[in-house]
Amino acid sequence: MTKQVNMHEAKSKLSELGELVWKGERVVIAKAGKPYLDLLPHKEPRKERVPGRLAGRIKIAPDFDTTPSDLIDTFEADV
């Protein structure tokens, strides 16, 4: 749902409008009757991933890439 308010109303009801935005409502601030600004909740920017931050903490079994032949036969069997 979108709520459009004029600039004067937005100034006098900013706290109320902010609560509506955080509850998921879309608020558009108009100037001279035309949409001028969108009021949006602040979101923290996503942190950039750092490759290798778990290095030495994850162990992979030596036979990780080896698939037992009986398991392969089970998948390839006609059902």
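On inspection, residue 76 does not qualify as under 25 Å from the mean Cα position of the chain (by Cα) and modelled with pLDDT under 95. Which pairs have Cβ atoms under 9 Å, sit 6 or more apart or on different chains, and link a residue in segment 32-48 that is touching a residue at least 12 places away in the same chain (Cβ under 8 Å) and assigned to a loop (DSSP other than H, G, I, E, B) to one that is surrounded by 10 or more Cβ atoms within 10 Å (Cβ to Cβ) and among the β-branched types (Val, Ile, Thr)? The qualifying pairs are 40/21; 40/27; 41/21.
Condition check: in a strand (DSSP E or B) and aliphatic (A, V, I, L, M). Does residue 54 satisfy that? For residue 54, the condition - in a strand (DSSP E or B) and aliphatic (A, V, I, L, M) - is not met.
The values are calculated or read from the model by the stated rules, or taken from the named source; none is laboratory data. Here the structure is a predicted model, which is why all the values come from computation and not from measurement. Cβ sites come from the backbone with ideal geometry, for glycine too, and all protein chains shown count toward neighbours.
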